[in-house]
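J.: The structure's right below; bear with me while I get my questions together.
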Number of protein chains: 2
Amino acid sequence: MNKKTLLYILAILLVQISKAQSSDTIFITDFGVKPYSYENSVTQIQAAIEACKQKGAKVLSFEKGRYDIWPESAMRKEYYISNTSTESECPSKIKTVGLLFENIQNLKVEGNGALLMFHGKMTTIALDHCQDIKLEELHVDFERPAGSELRYIAVNKNYVDVAVHRDTNYEIVDGKINLYGEGWRSNKNHCIEYNQETESFYYSQDWDILSNSPVQEISPNLIRFTIPADFHPKKGNTLTIRDVVRDQVGMFIHQSKNVTLNGMQMHYMHGLGIISQYSENITMNQVKCMPRSESGRLLAASADMMHFSGCKGKILIDGCYFSGAQDDGINIHGTNLKVVEKINSNTLNLRFSHGQSYGFQAYFPGDTVAFIKSATMQRGSTACVRSVKPISNYIWQVEFDQKTPEWLELNHDCVENLTCTPSVVIRNNYFTRTSTRGTLVTTPRKVVIENNIYYKTGMSAILIEGDAEGWFESGPVCDVQIRSNTFIDCAYNGGPGNAVIGINPSNSVINANNPVHKNIRIENNTFKIFDYPVLYAKSTEGLSFINNTIERTTQLKPSTSNKNLFYFNGCNNVKIQNIIYKGDILNKNIQLKNMKRKQLKYSSELTIHSKNN
Amino acid sequence: MNKKTLLYILAILLVQISKAQSSDTIFITDFGVKPYSYENSVTQIQAAIEACKQKGAKVLSFEKGRYDIWPESAMRKEYYISNTSTESECPSKIKTVGLLFENIQNLKVEGNGALLMFHGKMTTIALDHCQDIKLEELHVDFERPAGSELRYIAVNKNYVDVAVHRDTNYEIVDGKINLYGEGWRSNKNHCIEYNQETESFYYSQDWDILSNSPVQEISPNLIRFTIPADFHPKKGNTLTIRDVVRDQVGMFIHQSKNVTLNGMQMHYMHGLGIISQYSENITMNQVKCMPRSESGRLLAASADMMHFSGCKGKILIDGCYFSGAQDDGINIHGTNLKVVEKINSNTLNLRFSHGQSYGFQAYFPGDTVAFIKSATMQRGSTACVRSVKPISNYIWQVEFDQKTPEWLELNHDCVENLTCTPSVVIRNNYFTRTSTRGTLVTTPRKVVIENNIYYKTGMSAILIEGDAEGWFESGPVCDVQIRSNTFIDCAYNGGPGNAVIGINPSNSVINANNPVHKNIRIENNTFKIFDYPVLYAKSTEGLSFINNTIERTTQLKPSTSNKNLFYFNGCNNVKIQNIIYKGDILNKNIQLKNMKRKQLKYSSELTIHSKNN
């Protein structure tokens, strides 16, 4: 073959490749969507998604620019979503979905930095029964986020002047303030206050006072409240206020498999954040859950930013950024249903037992379950699910391949779905400006939490609960590594013992010889603490705290009643070794409860207190 | 009958009356509408309207308070509306209607001061084939009016700082400004500038310059444009900017009869204002077309505030207020269709001939028409309509009860619907802040314009056109009284000869002995003028100007090239008597054209110039 022929063949091949690529790619602009038209693009975008499905396209491509999405003409679908509103708060479960991907496989959405500007209250994106989906570089925001922001700019004896964020709509009616948005009003409010000096973010009752105080407008977005004499708000602080009703979520990944979010930016999420429910293999790579910097906003989510309920396979959260949540950064758990009736030897009626989670299928034929003794949080025997039948939104009838244990106590003990539990890697992430936890995780499978920075999370940076009492969120962990993370001034709002890391299962019977959680290794981390506690652990077997640095900071003031560096309650086989201390550590000590000293190995510099009650 | 019996009977009667009243009244709140919910109430309000229709209710009652109305779930209906967008500008004629009253009789809507807050681009209210309807005390506004407002707050050599009104949404993209709203963008802009010192309102090219100039945000709603060296905007002035496309109207009264608007407040109207089309007996009483005072806005309408096209019976406009229109306050006219084809001796094909008016029925069986010679604007013979058939949106085939005139020139002469012409009373109104005319009227029936104040209307306060050339808007007037009005500093923007009152038919052949308009009496008015002209009249027979006061003002500077107090062109039987002058009148003179001095009687203080060409 001569050079000319070779070039000719190459040219032909290039044309073919290019043709193949173009037919594999659907361009959003081919559907009449124009960036910066500010018109409602929802119908056209949904048509492009439908075309991807019909044509089996591999890529859905956005041109960079702003696209507006309104509830009008958006898809409606009924979804019962874990940890959202109770039935009484929000009877309708019909979600208004901006981009609905349903039964789609093998698609990459190339956002190219396109900004989807949502309006009203919406679930921005839903993946329902999808597989092998990548969402890349889409930026998602709301024109008028459901969270309002008001900043104290002058505080006087009888009045305060408050700057209302440009994106917060308000009206003064009969001398009182109404916060409203695009088709909604903020009624049952939850207020989290941000102190920009200390960068702390904490629950505040200020809005309860202000919303009942006389107010007048000084100029657009500058208002003056007349305040009670005993009310002393702090100048410069910002109140973030949102309605407690979780009628939508930020994004919903439902019974899907192999889903990757890459470079996504979620600038506001209403109701709850990105919720993955009974899905398998979820990767969150370089996802930013934070306000757009140019927006000047502080709040990016009504509640948890990434919430995983009943997921399996592997959850990987890598290089993400979490800032501005009125709840946790990451929350990974299952849902335990309570045994309410024995139908026959192999069949139970199980009941959702927290009002915010119900109506969705939590067991699937073939799944392995564990029967849980709630009082001790111990997994008993396991069984395999044969069939599942909804009796109501709350009660599901599950038949097993074998007899259910005799010891199951009705209306108390639980059934945990072991199959729908994930292994978890959370690494290289940054957590800040959250009033509660950075990371909540309970799963029996392997968990690695490494190289993260937890900066001033309001409660524990990391909390491992395991809960068959209140939230009924899954069971004991068996293998958790927390390594090479940096924790800075966390837990100023609370958490178990105000500890930076909390391990706090819900078992009411505490017995060091019958622990709940197992095998938790905390190694090579740096704890910068302003207060006494670093670690609180309950009912944990095989807990090591090795090669960590503990450094005292002084910007925040110590405030907790738990004046112990370590607090262990009913633990066994605890090892504390080789701590590097920096600065004036308040108390190099260990408090023990419900356990003996021999159940602990520890460095000599630590003093021990013990109370066994 | 003793006193006790009498009281008893009275009590029974009162209960009965109260029962009758309550069953005759539909309350909007019974349909789940809550004031200040900020939720979209459109479905519930429309259901209440439907209930009025079904139950034959006499009253639809609103509780005072704010109600939000969104395009989502609003009624859609196709309406071809006079003087709205051309087909190329806006191919779809489907309107989004907030409150649609269709085929309803005998209903009073009691607004009780309720504020209907509209969103997006909508036609707020439509009455379609209704009869005996009263709309009372409803206040209508838009959260984000389609008119934007920007005020110069600092003007420097190289830049200007501009305050953007709180209700104007903007975004800066690649250093240029986009004006947008709830689902729309302002693309083809028309800019009218307001000078708050002189209270003048005039067309401006500033926005053409600014929208192409680099801009940055200084703080929310404060932006800085870098400007060309030769651009010298005026500090303190406000630019009002709206899209030229008239895709909706403020309110639409369509083929309805006996409609009264009482105490209505129209705070913003997009596209066009209240347009009454082929309706009979319209009363506008105490209607305020102006921004809500607390809004701080200047603009209340994209174009004409009250527009009447093809109406008949009586139009009464009494005690209304017009402020902030980018076009006329009142415009009353018919629509002449052009003769394009003679089908047979009795039948013509007629064509809509201005792009903004087409697609609606302009002749009805039984109507009397006049055949109009366009060149002279003379009514020829009349005929009665036998049948009407649309050939296309533009061409309508009309059969008459007799032969059509031989002289009709195809593609030039017109057919005027004489039946669809109203008598008009316009009294006790206030007109201000309009860039064009206060009142435009052409109808062959009696017109009385009295006791109005025209304050700084941009063009002629009153203009009588009659037009078979450009806008094709109806024909000669026969009986017009303009009395006891006060005109203050009008016509600084233009109008025929920059006159306060303009009479300016479109005839190209001007012959004083063959006039177009007849019998126009201007009496007992006060003209406060800054410039030379008071009256311009063309082709008018029987024009009197008697007992008027002319007073010189000095705030605005004279600017017109028409340096005549009176300018008459081809008029006959003109009488000018008993003028009371105050102040330094610039030129007490009369300019004649196309007419002889003997066709005029005038006071001795007036000098005469004449040119006959």
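J.: What about B:Ser88, is it part of a loop (DSSP other than H, G, I, E, B) and either at pLDDT 95 or above or not assigned by TED's automatic domain parsing to the domain that holds B:Trp184 (or both)?
T.: It is true that B:Ser88 is part of a loop (DSSP other than H, G, I, E, B) and either at pLDDT 95 or above or not assigned by TED's automatic domain parsing to the domain that holds B:Trp184 (or both).
J.: In the set B:Val249, B:Val164, B:Val173, which member is within 11 Å of chain A (Cβ to nearest Cβ), among the aliphatic types (A, V, I, L, M) and touching a Leu at 6+ places or on another chain (Cβ under 6 Å)?
T.: Working: B:Val249 fails: within 11 Å of chain A (Cβ to nearest Cβ); B:Val173 fails: touching a Leu at 6+ places or on another chain (Cβ under 6 Å).
Residue meeting the stated conditions: B:Val164.
J.: Another question, if that's okay. Pairs, please: C-beta under 8 Å, at least 6 apart or cross-chain, first residue outside the structural domain of B:Ser186 (by TED's automatic domain parsing) and closer than 20 Å to B:Gly120 by Cβ and in the stretch B:258-278, second of a type in the set (Gly, Ala, Ser) and in a strand (DSSP E or B)?
T.: From the stretch B:258-278, the pairs are B:Met266/B:Ala301; B:Tyr268/B:Ala301; B:Met269/B:Ala301; B:Leu272/B:Ala301; B:Gly273/B:Ala301; B:Gly273/B:Ala325; B:Ile275/B:Ser309.
J.: Can you pull out every residue in the stretch B:466-497 that is crowded, with 24+ Cβ neighbours inside 10 Å and under 14 Å from B:Thr540 (Cβ atoms)?
T.: B:Gly466, B:Gly475, B:Pro476, B:Val477, B:Val480, B:Ile482, B:Gly497
J.: From the list A:Asp141, A:Asp132, which residue is surrounded by 19 or more Cβ atoms within 10 Å (Cβ to Cβ), touching a residue at least 60 places away in the same chain (Cβ under 8 Å) and not in a loop (DSSP other than H, G, I, E, B)? Break it down into steps so the answer makes sense when it comes.
T.: Details: A:Asp132 fails: surrounded by 19 or more Cβ atoms within 10 Å (Cβ to Cβ).
Selected residue: A:Asp141, the only one of A:Asp141, A:Asp132 that is surrounded by 19 or more Cβ atoms within 10 Å (Cβ to Cβ), touching a residue at least 60 places away in the same chain (Cβ under 8 Å) and not in a loop (DSSP other than H, G, I, E, B).
J.: Separate question: Let me spell it out: the conditions are (1) at pLDDT 95 or above; (2) under 27 Å from A:Gly494 (Cβ atoms), and A:Ala375 meets all of them except one. Which number is the exception?
T.: (1)
J.: Scanning the stretch B:255-279 for residues that are closer than 25 Å to B:Gly296 by Cβ and in contact with a Ser or Thr (Cβ under 9 Å, 6 or more places away or on another chain), which turns out surrounded by the fewest Cβ atoms within 10 Å (Cβ to Cβ)?
T.: Within the stretch B:255-279, the first condition is being closer than 25 Å to B:Gly296 by Cβ, and the residues that meet it are B:263-274.
Pick out the ones that are also in contact with a Ser or Thr (Cβ under 9 Å, 6 or more places away or on another chain) and you get B:266-273.
Values: B:Met266: 27, B:His267: 25, B:Tyr268: 28, B:Met269: 32, B:His270: 28, B:Gly271: 27, B:Leu272: 28, B:Gly273: 27.
If we take residues in the stretch B:255-279 being closer than 25 Å to B:Gly296 by Cβ and in contact with a Ser or Thr (Cβ under 9 Å, 6 or more places away or on another chain), then B:His267 is surrounded by the fewest Cβ atoms within 10 Å (Cβ to Cβ).
J.: Can you tell me which residue is nearest to A:Pro558 (Cα to Cα) among those in the stretch A:585-613 that are surrounded by 13 or more Cβ atoms within 10 Å (Cβ to Cβ) and charged (D, E, K, R)?
T.: My answer is A:Lys588.
J.: Quick one: which strands (runs of 3 or more DSSP E) sit completely within the stretch B:321-362 and have at least 2 residues that are free of Cβ contacts under 8 Å to residues at least 60 places away in the same chain? Please lay out each step first, then the result.
T.: Numbers: elements: B:321-325, B:330-333, B:337-344, B:347-351.
The qualifying strands (runs of 3 or more DSSP E) are B:337-344, B:347-351.
J.: Please verify whether the stretch A:252-260 includes one or more residues that are modelled with pLDDT under 95 and away from every other protein chain (no Cβ under 14 Å). Can you show your working first?
T.: Just the residues of the stretch A:252-260 that are modelled with pLDDT under 95, to begin with: none.
The answer is no; no qualifying residue exists.
J.: Any idea which residue in the stretch B:176-193 is farthest from the other protein chains (Cβ to nearest Cβ), counting only those that are surrounded by fewer than 20 Cβ atoms within 10 Å (Cβ to Cβ), more than 22 Å from B:Pro228 (Cβ to Cβ) and among the charged types (D, E, K, R)?
T.: Here the answer is B:Lys188.
J.: Now for a separate question. Return the residue satisfying two criteria in turn: it lies in the stretch B:194-230 and is within 14 Å of another protein chain (Cβ to nearest Cβ) and without any contact (Cβ under 8 Å) to a residue 24 or more places away in the chain, and of such residues it is nearest to the chain's Cα centre (by Cα). Walk me through how you get there before you give the answer.
T.: Taking the stretch B:194-230 as the starting set, the residues that turn out to be within 14 Å of another protein chain (Cβ to nearest Cβ) are B:211, B:216-223.
From the residues that got through so far, the ones that are without any contact (Cβ under 8 Å) to a residue 24 or more places away in the chain too are B:219-220.
On the way: B:Ser219: 38, B:Pro220: 35 Å.
Once the filter is applied, the top-ranked residue is B:Pro220.
J.: Condition first: surrounded by 24 or more Cβ atoms within 10 Å (Cβ to Cβ) and charged (D, E, K, R). Now tell me which residues in the stretch B:414-438 satisfy that.
T.: Result: B:Glu416, B:Arg433, B:Arg437.
J.: Which of (1) farther than 30 Å from B:Tyr358 by Cβ; (2) more than 14 Å from chain A (Cβ to nearest Cβ); (3) among the acidic types (Asp, Glu) is the odd one out, the single condition B:Glu102 does not satisfy?
T.: The number of the failed condition is (1).
J.: Now a separate question. If you go through the stretch B:280-311 one residue at a time, how many are surrounded by 23 or more Cβ atoms within 10 Å (Cβ to Cβ) and either out of contact with any Cys (no Cβ under 9 Å at 6 or more places or on another chain) or part of a strand (DSSP E or B) (or both)? Explain how you work it out, then say what you get.
T.: First pass over the stretch B:280-311, keeping only residues surrounded by 23 or more Cβ atoms within 10 Å (Cβ to Cβ): B:282, B:284, B:287, B:289-291, B:297, B:299-311.
Next, from what is left, pick out any that are either out of contact with any Cys (no Cβ under 9 Å at 6 or more places or on another chain) or part of a strand (DSSP E or B) (or both): B:282, B:284, B:289-291, B:297, B:299, B:301-304, B:306-309.
The qualifying residues number 15.
J.: Okay, next question. For the stretch A:57-83, name all the residues that are without any contact (Cβ under 8 Å) to a residue 24 or more places away in the chain and either within 14 Å of chain B (Cβ to nearest Cβ) or among the small types (Gly, Ala, Ser) (or both). Step through it out loud before you land on a result.
T.: As a first pass, look at the stretch A:57-83 and keep what is without any contact (Cβ under 8 Å) to a residue 24 or more places away in the chain: A:76, A:78.
Of everything in the stretch A:57-83, just one residue is without any contact (Cβ under 8 Å) to a residue 24 or more places away in the chain and either within 14 Å of chain B (Cβ to nearest Cβ) or among the small types (Gly, Ala, Ser) (or both), namely A:Arg76.
One line per residue, one yes/no per condition, for (1) closer than 19 Å to B:Arg597 by Cα; (2) free of Cβ contacts under 8 Å to residues at least 60 places away in the same chain; (3) under 28 Å from the mean Cα position of the chain (by Cα):
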{"position": "B:Arg521", "(1), (2), (3)": "no, yes, yes"}
{"position": "B:Lys528", "(1), (2), (3)": "no, yes, yes"}
{"position": "B:Leu543", "(1), (2), (3)": "yes, yes, yes"}
{"position": "B:Asn547", "(1), (2), (3)": "no, yes, no"}
{"position": "B:Ile550", "(1), (2), (3)": "no, yes, yes"}
{"position": "B:Thr554", "(1), (2), (3)": "no, yes, no"}
{"position": "B:Ser559", "(1), (2), (3)": "no, no, yes"}
{"position": "B:Tyr567", "(1), (2), (3)": "yes, no, yes"}
{"position": "B:Gly570", "(1), (2), (3)": "yes, no, no"}
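J.: Spot the failing condition for A:Pro390; the list is (1) under 28 Å from the mean Cα position of the chain (by Cα); (2) in contact (Cβ under 8 Å) with a residue 40 or more places away in the chain, and only one is missed.
T.: (2)
J.: Still on this structure, please answer the following. Mind telling me which of the residues B:Glu171, B:Glu193 ends up being closer than 19 Å to A:Asn169 by Cβ and assigned to a strand (DSSP E or B)?
T.: The unique qualifying residue is B:Glu171.
J.: Name the residue, out of B:Ser186, B:Ser148, that is of a type in the set (Gly, Ala, Ser) and either touching a Gly at 6+ places or on another chain (Cβ under 6 Å) or modelled with pLDDT under 95 (or both).
T.: Details: B:Ser148 fails: either touching a Gly at 6+ places or on another chain (Cβ under 6 Å) or modelled with pLDDT under 95 (or both).
Checking each option against the conditions leaves just B:Ser186.
J.: For the condition over 25 Å from the mean Cα position of the chain (by Cα) and crowded, with 21+ Cβ neighbours inside 10 Å, what is the one hit in B:Leu350, B:Leu410, B:Leu337? Break it down stepwise before answering.
T.: Values: B:Leu410 fails: crowded, with 21+ Cβ neighbours inside 10 Å; B:Leu337 fails: over 25 Å from the mean Cα position of the chain (by Cα).
The match here is B:Leu350.
J.: Out of the stretch B:97-107, which residues are surrounded by 20 or more Cβ atoms within 10 Å (Cβ to Cβ) and in a strand (DSSP E or B)? Break it down into steps so the answer makes sense when it comes.
T.: Step one: list which residues in the stretch B:97-107 are surrounded by 20 or more Cβ atoms within 10 Å (Cβ to Cβ), which gives B:97-101, B:104, B:107.
If the condition is that a residue be surrounded by 20 or more Cβ atoms within 10 Å (Cβ to Cβ) and in a strand (DSSP E or B), then B:Val97, B:Gly98, B:Leu99, B:Leu100, B:Phe101, B:Leu107 are the ones that fit.
J.: Going by the conditions given, is B:Asn221 in the same structural domain as B:His165 (by TED's automatic domain parsing) and surrounded by fewer than 17 Cβ atoms within 10 Å (Cβ to Cβ)?
T.: Working: in the same structural domain as B:His165 (by TED's automatic domain parsing): yes; surrounded by fewer than 17 Cβ atoms within 10 Å (Cβ to Cβ): no.
So B:Asn221 does not fit the description; no.
J.: Also, quick follow-up: Counting only residues that are under 30 Å from A:Thr419 (Cα atoms) and surrounded by fewer than 24 Cβ atoms within 10 Å (Cβ to Cβ), how many does the stretch A:439-464 have?
T.: Matching residues across the stretch A:439-464 total 6.
J.: I'd like the full set of residues that are assigned to a strand (DSSP E or B) and farther than 16 Å from A:Ile209 by Cβ, limited to the stretch A:152-168. If you could, list the steps in order and put the result at the bottom.
T.: Start the filter on the stretch A:152-168 by keeping residues that are assigned to a strand (DSSP E or B), which leaves A:152-155, A:159-164.
The answer is A:Ile153, A:Ala154, A:Ala163, A:Val164.
J.: Here's a follow-up. Name the single residue, out of those in the stretch B:363-393 being part of a loop (DSSP other than H, G, I, E, B) and among the aromatic types (Phe, Trp, Tyr), that is surrounded by the most Cβ atoms within 10 Å (Cβ to Cβ).
T.: Quick first cut of the stretch B:363-393, residues part of a loop (DSSP other than H, G, I, E, B) only: B:363-367, B:374-377, B:391-393.
Subset that is among the aromatic types (Phe, Trp, Tyr): B:363-364.
On the way: B:Tyr363: 25, B:Phe364: 16.
Filtering first and then ranking leaves B:Tyr363.
J.: Of all residues in the stretch B:442-476, count the ones that are more than 20 Å from B:Pro533 (Cβ to Cβ), modelled with pLDDT of 95 or more and of a type in the set (A, V, I, L, M).
T.: Within the stretch B:442-476, residues that are more than 20 Å from B:Pro533 (Cβ to Cβ), modelled with pLDDT of 95 or more and of a type in the set (A, V, I, L, M) number 2.
The values are calculated or read from the model by the stated rules, or taken from the named source; none is laboratory data. Computed from a predicted structure; not experimentally measured. Neighbour counts run over all protein chains shown; Cβ positions are idealised from the backbone, glycine included.
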